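Dropping the structure in here first, questions after.
Derivation of every value follows stated rules applied to the coordinates shown; laboratory data play no part. Predicted, not measured: the structure shown is a model, and the values here were computed from it. Here Cβ is always computed from backbone atoms with ideal geometry, including for glycine, and neighbour counts include all displayed protein chains.
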Amino acid sequence: MLQSYEIKLGLYKDVICVDVKETCPFCNLGIKPIHVTSTTFENIDKKTAFLLLNQCPSCKHHWSDEYLIIEPNGNGTYTGYLTNPKLFLPIPDEITEEITKVSPEGVKIYTQALQAEQLGFDSLVGIGMRKSIEFFIKDFLIYTNPENKEKFEKIQLGDAIKNYIDNEDLKALATSSNWLANDETHYVKKFTDKDINDLKKYMKSLIKYIDFQITILGAHELTNSKNT
């Protein structure tokens, strides 16, 4: 997405045109970034650069991008070329607007785990997945039972899955994901016939099933309101 910003080089105000990414590097959602502030400065190579600070309207995280300023084109507008490109992954199809609203922290941790894998930090993937499971499950339980928020925040994840998830399919997915994710954090694995790809498969299905349950709850809310 090409965006224009006002800059000051010397005594006069000018305009710079830069390519702003439409994907949040934290939650990985497609967004229209919120412009917080921007400035020009001299970078480490003694060249004039443009620094842009943006905020994600979804997860509220901030990030900065640095652009090298190129001389103006025919219409007097400067161009900025990104000098610190971040890793932008396609949004996983299991990450929807609904699941992000219910568990924004779960989405952030899950996508960071996937990013770690892409960067070659494969030993960190299972650890991130394990943490994201806790947020997805507890946030879903709080969403469906807000009166028990404090209880769900403090309870052990295994107890939350065993005692408070009634849907057997969801319980099986949550339990399997939790077991395999825990396995990735231990010195000796219990499930030697399973690997990180099995964990990713269960995690994807778990997130989709939670999203499915959220949609069903919304449908019930709609039909119940129609009947009243």
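If you average 1/r over every pair of different alpha-carbon atoms in the chain and take one over that average, what Kirkwood value in Å do you get? It would help to have the intermediate numbers written out before the result.
Working: mean 1/r = 0.0493 Å⁻¹.
It is 20.3 Å.
When Asp159, Asp65, Asp195 are ordered from fewest to most other Cβ atoms inside 10 Å of their Cβ, what list results? It would help to have the intermediate numbers written out before the result.
On the way: Asp159 9, Asp65 22, Asp195 14.
The fewest-first ordering by Cβ neighbours comes to Asp159, Asp195, Asp65.
In whole angstrom, note down how far apart the Cα centers of region 1-38 and region 80-150 are.
If you average the Cα positions of each part, the centres end up 25 Å apart.
Under a point spin-label approximation (7 Å from Cα along Cα-to-Cβ), what is the Lys226-Trp179 distance to one decimal in nm?
So the label points at Lys226 and Trp179 sit 4.1 nm apart.
Suppose each label sits 7 Å from its Cα in the direction of the beta carbon; what would the Glu66-Asp14 distance come out to in nanometres?
1.9
OK, next. With a 10 Å Cβ neighbour count serving as the proxy for reagent exposure, in which order, fewest first, do Leu157, Leu2, Leu29 appear? Write out the running numbers ahead of the final one.
Numbers: Leu157 18, Leu2 8, Leu29 21.
Listed from fewest to most nearby Cβ atoms, that is Leu2, Leu157, Leu29.
Can you sort Phe136, Phe121, Phe212 so the residue with the fewest Cβ neighbours within 10 Å comes first?
The fewest-first ordering by Cβ neighbours comes to Phe121, Phe212, Phe136.
Relative contact order of the chain: what whole-number percent is it, with Cα pairs under 8 angstrom and at least 6 residues apart? Each step should come with its number before you reach the end.
Numbers: 323 pairs, mean separation 30.7, N = 228.
Relative contact order, the chain: 13 percent.
Ok, one more. Residues of region 17-49 with backbone nitrogen within less than 20 Å of a virtual label 7 Å along the Cα-to-Cβ line of Met1, please, listed as ranges.
Flagged as within label range: 17-39.
Among the DSSP beta bridges whose two residues both lie in the chain, what percent are antiparallel, rounded to the nearest 5?
Details: 28 of 31 bridges.
For the chain, the DSSP antiparallel bridge percentage is about 90.
What Rg and what Dmax come out for region 170-228 when only alpha-carbon atoms are used, in angstroms?
Final numbers for Rg and Dmax: 16.7, 56 Å.
A further question on this structure: Determine, from the Cβ-Cβ distance of Lys47 and Ser123 and an R0 of 45 Å, the FRET efficiency 1/(1 + (r/R0)^6), rounded to the nearest 0.05.
0.75
Let me ask something else. For region 2-82, what Kirkwood radius comes out of the mean inverse Cα-Cα distance, in Å?
Details: mean 1/r = 0.0751 Å⁻¹.
Over region 2-82, the inverse of the mean reciprocal pair distance is 13.3 Å.
Rounded to the nearest 0.05, what FRET efficiency do Ala219 and Lys149 have when you use their Cβ-Cβ distance and R0 = 30 Å?
Details: r = 24 Å, r/R0 = 0.79.
Rounded to the nearest 0.05, the efficiency is 0.80.
For region 97-227, treating each Cα as an identical point scatterer without solvent, what Debye log10 I(q)/I(0) comes out at q = 0.13 1/Å?
-0.54
Cα-Cα over 27 Å: which of Lys32/Lys151; Lys21/Lys47; Lys151/Lys201?
Too far apart for the 27 Å limit: Lys32/Lys151; Lys151/Lys201.
Sequence-distant or interchain residues sharing an amide H contact under 5 Å with His61, placed H: which?
Distant-sequence amide H within range of His61: Cys56.
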